[in-house]
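One structure below.
The values are calculated or read from the model by the stated rules, or taken from the named source; none is laboratory data. Only a predicted model underlies this, so the values are computations on that prediction, with no experimental measurement involved. Cβ: placed from backbone, ideal geometry, glycine included. Neighbour counts: every protein chain shown. Surface accessibility is based on the protein's heavy atoms, side chains included, excluding ligands, DNA and RNA. Shrake-Rupley method; radii C 1.70, N 1.55, O 1.52, S 1.80 Å.
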Amino acid sequence: LPVGDPSLSAREIIGNESQERMGLILKAQDVPLLQKIAEREGAPLYIIGDVTNNHRFTIENRLTGEKPVDLELSDLLGKTPVTEMIDHTVVSSYTPVSYKIDEFEHYLESVLQLDSVACKDWLTSKADRSVSGLVANQPTVGEIQLPLNNFGAMALSYRGNDGVAVSVGHAPAAALINAAAGSRLAIAKALSNIVWAPIEGGLSSVSLSANWMWPCRNAGEDARLYQAVEAASNFCIDLGINIPTGKDSLSMTQKYPDGTKVLSPGTVIITAMAPMKDVRKPVRPLLVPDPNSQLIYIDLSQSPLSLGGSAFAQASGQLGASCPDIPNAGYFALSFNTIQSLINEGYLLSGHDVSAGGLVTTLLELCFANKEGGLSVDLSQIPEKDPIKALFSENPAVVIQVAKKDIATVLKRLKQSGITFYPIGRPQSDRKIDLHVHNHHYLLDIDHLRDLWFHTSFLLEQHQTVAPFATERYHNYKQQPLAFSFPNSFNGKLQTLNGSVQAAVIREKGTNGDREMAWALYQVGFEVKDVHTSDLISGRETLDDIRLVVFSGGFSHADALGAAKGWAAFFLYNPKAKAALERFYARPDTLSIGIGNGCQLMAELNLITGGEEYLSPKLKPNASGRFECGFVNVTIPESNAIMLQSLIGSRLGVWVASGQARFDFPKPIENYHIALKYSYQDYPGNPNGSPLGIAAICSADGRHLAMMPHPERCLYPWNWAHYPAERRNDEVSPWVEMFAEAKKWFVVL
């Protein structure tokens, strides 16, 4: 083992918890292959022992002969003691939630700003939601790109449309009132989030993971945990689904020096996973502005509406005496599978679950990601006459939107299945929600309430973004809607071009965009070779037979030395790698492209400006001071960029994901050839702060292109966070044209 400190004792070496390591057991004849792979990838490998078949576990220092561990397996793996947890039930009682019906507007504004309900843009915008090119459903939705989606989805391959869906649910406040109900609600919330994915096999195909977070060894808490686990087990058995895995965190107690003890509320966090029939057909919480369509409320719980454990109760400083529950698992399963059948048969235009914030939040969120339109809603058919309960209770339920031509069919199916449902409204052109609840009428200003909902995200954003970018994001999020203009020649079909042309995708430790790039090239007809930087350093690869080189995106060496500086050093200070690159760029029959980290590399190696170091731009940290991920608009201006010729004049959507993507030009802009611009100049539409919104530049002859956005992660309509509805039948997105143009150039040449 590599020991950096010679003073470490045997105990310290054996018990060391160094991360990012793993152990493998393999046949002796396979070791050379693993060593070869590890050497190519730059991964340290150490052979540390043998399987002896002597029924002993021995750790030996072969230099000193010391054996700090030498045990019979029977001693090591003998009968372990049974843990006994002894507790008694502590009965807690809480007062019912109190409120004044005439203060509805105040309550609504308070609930929308609660962190569990409010916008999560501060969180989702700093996580890469596009890497792999297989992401089919991620948090943001709509032309305003707000994090409202109910579930995540990944395609299983680049070739097919099958995938996997995942969602989360928890109910910590409700669990304080009733531990068993809290478990059922957590499961129900995870399921009412994943129900919008077209699942192969319906509810029976769903599996759950349970993360139990509980302050055990405090009076009454072990008893509550038992009740919660038993309830989760029984509920899943009744639903016909399983929990094959999970995690326990059972020491959720914080003690302070002054004797204060704080208990985390006992919580089970449920993750639901299921195979997805078709990643192209999720139902999203994005209202379709069709005034002839109808909204239908579907009750999943069949229990009286309750405010206990709700965001409404929390926002008003209360908990509640009782919480929602699901007394009939069979009815919940029936409702789930009925909704699934409607989704699989294409009957739903949009849909959203009723969860944190209640029904009124669901209705608002359906409208938030649109620029225009609202809702006319009448809840007079719902039995609950109390508007506060009707609008803020969090009993599991969903709202679906159905086109006029399908309304009769959907209502008939729901009725035949015995599902409790109520038609509640339809879209309208006015940017309001005109809301009637029996004798109460409210007119909700969608844009005003959306600003309040986003405001909490703004407050959190201030702690992670360089001033004044949090303020700019808050002011501009709704001013920069996505708008597209596709090339007239684009027909949405994939065309693979004949002719043998070899391309190389070059990667380094930390590269994570190589596979989607390889697929982008492969599907338009390139023969694609995987080239590690170590291949060039060793001379295993020379690039002499390569016509197109791609430097992939990612985080080479974790960007520890700055944007791609460590990667660049491998080419600058290794003779074979440097010579291979110089020969490649000296040939007139080659193209190259760097994306993300690869763009940074090309800038460091002066590959865009013909080797003129004084002219080469650099990529600086984002002006916001943090990693930025988003789906943004870009415009393709006139340029010599060979790979972008068929896209000139277009305005497209593309993923950005980088912390160091701001172009810094040592000379006036006129000295550079601009190949791509962000369509909006202000943040966050220009996510990096690049001058003039520049997102890509190319060489004077257009053969070499460096860009920060990731078109290779936007090859299919389902890769886009928002795609034109009228083009939903496209096989591929316009970005495929970029790679086809490269192949055409070689074929013509």
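Numbers for the structure displayed
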| item | result |
| --- | --- |
| Test: residue in segment 613-621 that is modelled with pLDDT under 95, open to solvent by 50 Å² or more (accessible area, probe 1.4 Å) and of a type in the set (Gly, Ala, Ser) | no |
| Members of segment 545-560 found to be farther than 9 Å from Leu591 by Cα, of a type outside the set (Ser, Thr, Tyr) and either touching a residue at least 12 places away in the same chain (Cβ under 8 Å) or not in a loop (DSSP other than H, G, I, E, B) (or both), listed by number | Asp545, Ile546, Phe551, Gly553, Gly554, Phe555, His557, Ala558, Asp559 |
| Segment 247-277, subset assigned to a strand (DSSP E or B), aliphatic (A, V, I, L, M) and in contact with a Leu (Cβ under 9 Å, 6 or more places away or on another chain), residue farthest from Glu230 (Cα to Cα) | Met276 |
| Residue match in segment 234-256 (condition: buried (at least 24 other Cβ atoms within 10 Å of the Cβ) and not charged (D, E, K, R)) | no |
| Residue check, Ala467 out of contact with any Phe, Trp or Tyr (no Cβ under 6 Å at 6 or more places or on another chain), surrounded by fewer than 15 Cβ atoms within 10 Å (Cβ to Cβ) and either modelled with pLDDT under 95 or part of a strand (DSSP E or B) (or both) | yes |
| Boolean, Lys478 is part of a loop (DSSP other than H, G, I, E, B) and within 27 Å of the chain's Cα centre (by Cα) | yes |
| Residue within segment 97-108 that is open to solvent by less than 40 Å² (accessible area, probe 1.4 Å), closer than 30 Å to Tyr226 by Cβ and not acidic (Asp, Glu) present | yes |
| All positions within segment 166-177 that are over 16 Å from Val117 (Cβ atoms) and either surrounded by 24 or more Cβ atoms within 10 Å (Cβ to Cβ) or in contact with a Ser or Thr (Cβ under 6 Å, 6 or more places away or on another chain) (or both) | Ser167, Ala175 |
| Total residues in segment 35-80, condition assigned to a loop (DSSP other than H, G, I, E, B) and of a type in the set (Val, Ile, Thr) | 6 |
| Out of Gly358, Gly374, Gly330, sole residue that is open to solvent by less than 20 Å² (accessible area, probe 1.4 Å) and within 28 Å of Ala181 (Cα to Cα) | Gly358 |
| Residue match in segment 411-432 (condition: of a type in the set (A, V, I, L, M, F, W, C), in contact with an Asp or Glu (Cβ under 7 Å, 6 or more places away or on another chain), part of a strand (DSSP E or B) and free of Cβ contacts under 8 Å to residues at least 24 places away in the same chain) | no |
| Residues of segment 36-53 classified as out of contact with any helix residue (DSSP H, G or I) (no Cβ under 9 Å at 6 or more places or on another chain) and open to solvent by less than 80 Å² (accessible area, probe 1.4 Å), total | 2 |
| Helices (runs of 4 or more DSSP H) completely within segment 563-652 that count 1 or more residues being touching a Lys or Arg at 6+ places or on another chain (Cβ under 7 Å) | 565-572, 597-604 |
| Which numbered condition Ile270 fails, given (1) surrounded by fewer than 20 Cβ atoms within 10 Å (Cβ to Cβ); (2) closer than 28 Å to Val135 by Cβ | (1) |
| First in segment 62-74 and under 17 Å from Glu12 (Cα atoms) and free of Cβ contacts under 8 Å to residues at least 60 places away in the same chain, second anywhere and open to solvent by 60 Å² or more (accessible area, probe 1.4 Å) and hydrophobic (A, V, I, L, M, F, W, C), Cβ under 6 Å, 6 or more apart | none |
| Per-region count, segment 138-160, residues closer than 28 Å to Gln523 by Cα, open to solvent by 30 Å² or more (accessible area, probe 1.4 Å) and out of contact with any strand residue (DSSP E or B) (no Cβ under 7 Å at 6 or more places or on another chain) | 3 |
| Residue satisfying all of: in segment 389-405; touching a Leu at 6+ places or on another chain (Cβ under 7 Å) and part of a helix (DSSP H, G or I); most open to solvent (accessible area, probe 1.4 Å) among these | Lys389 |
